[in-house]
Amino acid sequence: MSPSPSYPLSLLQLSFNQDYSCFSATTASGFHVYNTNPFHQLFRRKFPASALSSAEMLNQTNIIALVGSGSHPLFPLHKVMLWDDQQGKCIGELSFRSTVRGVKLRRDRIVVALEMKVFVYNLVDFKFLLKLETVANPKGICAVSQASDSVVIACPGLHRGQVRLEHCALKKTSFVTAHDSGIACLALTLDGKFLATASTKGTLIRIFDTANATLLQEVRRGSNAAQIYSLTFDCNAQWLAVSSDKGTVHVFGLKVSSAISEHENTRSSSNSDAASTLSRASLSFTKFKGVLPKYLKSEWSFAQFHLHEASRYFVAFGHQKNTVIIIGLNGREPS
């Protein structure tokens, strides 16, 4: 629903936790935390007249990374405050020379994005580990893998349309030329093996192998430009969900599962059927090569959800089979 004048326009940001079991909502006066299945509010914290730009949860724990927002923030815009909700206080902080644009957590790392840099710290003791240079990144775009035996960080590279991949355990850096236009959104699989990217144009989504920075698959969201709000892999890298300002959520069947099979020898039969259908559709157009527009030969989504365009939607996959979770931000604070 579009914002109503009877409600304050104070809902600022939504963010899922690492396994999509919960999400947080930041407001002009604190934050709310919700369980996704079953859906209900877990708790809320009020900080009068103190807006937050970010409340990044650490899995299902009571630890939340908070960043201030607005002209009179409770926490400075250039600091990340580690909040322990059980104790009801901050238990640590990281301070920077410029505004914090984004924060990502895993059990052993905290990744902080500024406009031109990304910093990596040990979560337990805030020990500095790594600094990554980026192109201008005002939205603080970055992602980090969650597997305990692999730390992969993805962020914008040094040039427009480029993504930097940092394999921390291997001390290896690689660059992916993902798009001609700037990076609008990116996502990693939980194990960090695959990367999905979208550009500011928002028509094509590309999936890469992070080990060798090679393109594995390209799918099409649409033919008209769109702003991409979120990209999300399911836990088995069989599906990819994409939300945009067109009020749509697209779900794509992925072919990268064939790469996984080399290691795990698993593949979803439903995904194979979807891929076969897409292949047959593509073959049916081959005789028109050079006649039909390029987008008719593209890989299109397996499923679509059409929603109200007035809201900004974020999408994830539920723990139940064939479940998609969609949350919308329309500026109205939850009651």
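Read the figures in this text as sums done on the coordinates, not as results from a lab. Treat the numbers as computed from the prediction; the structure is a model and nothing was measured. FYI the Cβ positions are ideal-geometry reconstructions off the backbone, even for glycines, and counts take in every protein chain you see.
Exceeding 27 Å between C-alpha atoms, which entries from my cross-link table qualify? They are K172/K201; K79/K139; K117/K201; K127/K172.
Working: K172/K201 30 Å; K79/K139 16 Å; K117/K201 24 Å; K127/K172 20 Å.
In this structure, K172/K201 exceed 27 Å between Cα atoms.
Only Cα pairs under 8 Å and at least 6 apart count here; give the relative contact order of segment 103-211 as a rounded whole percent.
Numbers: 263 pairs, mean separation 18.3, N = 109.
Across segment 103-211, relative contact order equals 17 percent.
Expressed as cubic angstrom per residue, what is the convex hull volume of the alpha carbon set of segment 1-125? Each step should come with its number before you reach the end.
Details: hull volume 15.2 nm³, N = 125.
For segment 1-125, the hull spanned by Cα atoms encloses 122 Å³ per residue.
If packing is taken as the mean number of other Cβ atoms within 10 Å per residue, what is the order of 182-188, 14-20, highest first?
Taking the mean over residues of other Cβ atoms within 10 Å, the ranking is 182-188, 14-20.
To the nearest Å, what is the center-to-center distance of segment 126-162 and segment 219-235, using C-alpha atoms only?
Measuring centre to centre over Cα atoms gives 20 Å.
Find, among the trypsin sites (Lys or Arg not before Pro) in segment 34-136, those assigned to loop by DSSP (not H, G, I, E, B) with at most 10 other beta-carbon atoms within 10 angstrom.
Those satisfying the criteria are R97, K127.
Starting from segment 185-222, pick out the trypsin sites (Lys or Arg not before Pro) whose DSSP state is loop and whose Cβ has at most 14 other Cβ atoms within 10 Å.
Details: sites: K193, K201, R206, R220, R221; in loops: K193, K201, R221.
Sparse-neighbourhood loop trypsin sites (Lys or Arg not before Pro): none present.
Would you list H167, H32 from fewest to most Cβ contacts within 10 Å? All intermediate terms of the calculation are to be shown ahead of the outcome.
Values: H167 17, H32 20.
Ascending number of Cβ neighbours within 10 Å: H167, H32.
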